[in-house]
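Structure first, commentary second.
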Amino acid sequence: MTALSDLFEVEASGGSDSPREFRCTLPPDAFAEGVALTARALVQRRLPSTSSLRTVWEAQHAKPATEVATKKQSELLVNHVCQNVGTPDELATDEHLGGAVAETLWVEFVTDLDEGLGPPVRVEGHDWSSTDPGGDGLTVHEVGGSFAFRLWESKHHVADAPVRSTVGRACRQVRDQSLSYLARFSLVAQYMTEDDPLALFYAELTERWVDQDPGAGVGISIGTGATADVAQCFDSLDSYFGLPTDRHHGHLHVVNDFMAFCHAVRDEVWKGCGLWTGH
């Protein structure tokens, strides 16, 4: 199956003297396929791979549908996958929907883009809800026999202001809440009963951040429809965190008419739940 990141045109920049930045742009002719893959990715992260409900969602989402969910199955699907998506009778706000789609794009891309650290050995996130407290994501990488982490914050941008303003808002949020976010992620350590070194690393996340450990870094991911005012939108990252420049990362996911993309993703999620027929 085609990976979502394969649909986007990816431009990398930055390095030792500026943040590592990826600008990922969805071509207009890939809009529909991008919508379908994003909807599927959102659903798959909210339904265990072993769940019979995932099979039901896929069958209803197929074109043409190969199965019709029962009333019980539809109710269960809605409660599993429609957080921040809403239903036709109770729509989610664009803010919540846009946040959910932006986080889905981040988690789909973060395993495929070369940040100079190698593929992450673990990815934490995205949240059950885009309004949940806590950091949006954490990636852990194995580097030189040790580990490194990047604390990520994801936002969507649809305002008239430059994208830089949303990047700044995300930076301030991470700067002010970083220890709280990392403390939550550190609890993952208690479930790592077969990997003591990695469990110890997780347990030390907050100390490593405070000490500006060589393995600590930060990333900001933005989903947007903006194509203007995006140059150097991540250049101010090091003014917020005081880390070496190459430990700052930025992802920009550009989709023409981002909210139209989000609404189309919502419809595809609904289709698999039996809430929308496509007519």
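The values are calculated or read from the model by the stated rules, or taken from the named source; none is laboratory data. These figures come from a predicted structure and were not determined experimentally. Please note: Cβ atoms are built from the backbone with ideal geometry, for glycine as well, and neighbour counts cover all protein chains shown.
Inspect all residues belonging to the range 193-206 and state whether any of them is within 18 Å of Thr104 (Cα to Cα) and polar (S, T, N, Q).
Residues of the range 193-206 that are within 18 Å of Thr104 (Cα to Cα), as a first pass: none.
No, because not a single residue in the range 193-206 is within 18 Å of Thr104 (Cα to Cα) and polar (S, T, N, Q).
In the range 248-278, the qualifying residues are those that are hydrophobic (A, V, I, L, M, F, W, C) and in contact with a Lys or Arg (Cβ under 8 Å, 6 or more places away or on another chain), and the one that is farthest from His61 (Cα to Cα) is Leu252. Restricting to the range 235-279, name every residue that is under 20 Å from Asp213 (Cβ atoms), of a type in the set (A, V, I, L, M, F, W, C) and buried (at least 20 other Cβ atoms within 10 Å of the Cβ). Residue satisfying the conditions is Leu237 alone.
Looking at the range 131-147, which of the residues that are under 19 Å from the mean Cα position of the chain (by Cα) and small (Gly, Ala, Ser) is farthest from Arg20 (Cα to Cα)?
Start the filter on the range 131-147 by keeping residues that are under 19 Å from the mean Cα position of the chain (by Cα), which leaves 131-141.
Filter once more, so that each one left must be small (Gly, Ala, Ser): 134-135, 137.
On the way: Gly134: 24, Gly135: 20, Gly137: 17 Å.
Filtering first and then ranking leaves Gly134.
Quick one: which residue in Gly137, Gly86 is on the phi > 0 side of the Ramachandran plot and either surrounded by 15 or more Cβ atoms within 10 Å (Cβ to Cβ) or of a type in the set (A, V, I, L, M, F, W, C) (or both)?
Numbers: Gly137 fails: on the phi > 0 side of the Ramachandran plot.
It is Gly86.
If a residue must be farther than 20 Å from Val110 by Cβ and either in contact (Cβ under 8 Å) with a residue 60 or more places away in the chain or not in a loop (DSSP other than H, G, I, E, B) (or both), how many such residues does the range 241-260 contain?
Of the residues in the range 241-260, the ones farther than 20 Å from Val110 by Cβ are 242, 244, 256-257, 259-260.
Of the ones still in play, those that are also either in contact (Cβ under 8 Å) with a residue 60 or more places away in the chain or not in a loop (DSSP other than H, G, I, E, B) (or both) are 256, 259-260.
Residues flagged as farther than 20 Å from Val110 by Cβ and either in contact (Cβ under 8 Å) with a residue 60 or more places away in the chain or not in a loop (DSSP other than H, G, I, E, B) (or both) within the range 241-260 amount to 3.
Inspect the range 210-227 for any residue being over 21 Å from Thr104 (Cα atoms), β-branched (Val, Ile, Thr), in contact with a helix residue (DSSP H, G or I) (Cβ under 7 Å, 6 or more places away or on another chain) and in a helix (DSSP H, G or I) and give the result as yes or no. Scanning the range 210-227, I find no residue that is over 21 Å from Thr104 (Cα atoms), β-branched (Val, Ile, Thr), in contact with a helix residue (DSSP H, G or I) (Cβ under 7 Å, 6 or more places away or on another chain) and in a helix (DSSP H, G or I), so the answer is no. A search for C-beta distances below 7 Å between a residue of the range 217-238 that is under 13 Å from Ala102 (Cβ atoms) and among the polar types (S, T, N, Q) and any residue that is at pLDDT below 90 and not in a loop (DSSP other than H, G, I, E, B), counting only pairs 6+ apart in sequence or on different chains, returns nothing.
Counting residues that are of a type in the set (S, T, N, Q) and over 22 Å from Ala231 (Cα atoms), which helices (runs of 4 or more DSSP H) fully inside the range 1-90 reach at least 3?
On the way: elements: 4-7, 31-44, 52-61, 71-81.
The helices (runs of 4 or more DSSP H) meeting that bar are 52-61, 71-81.
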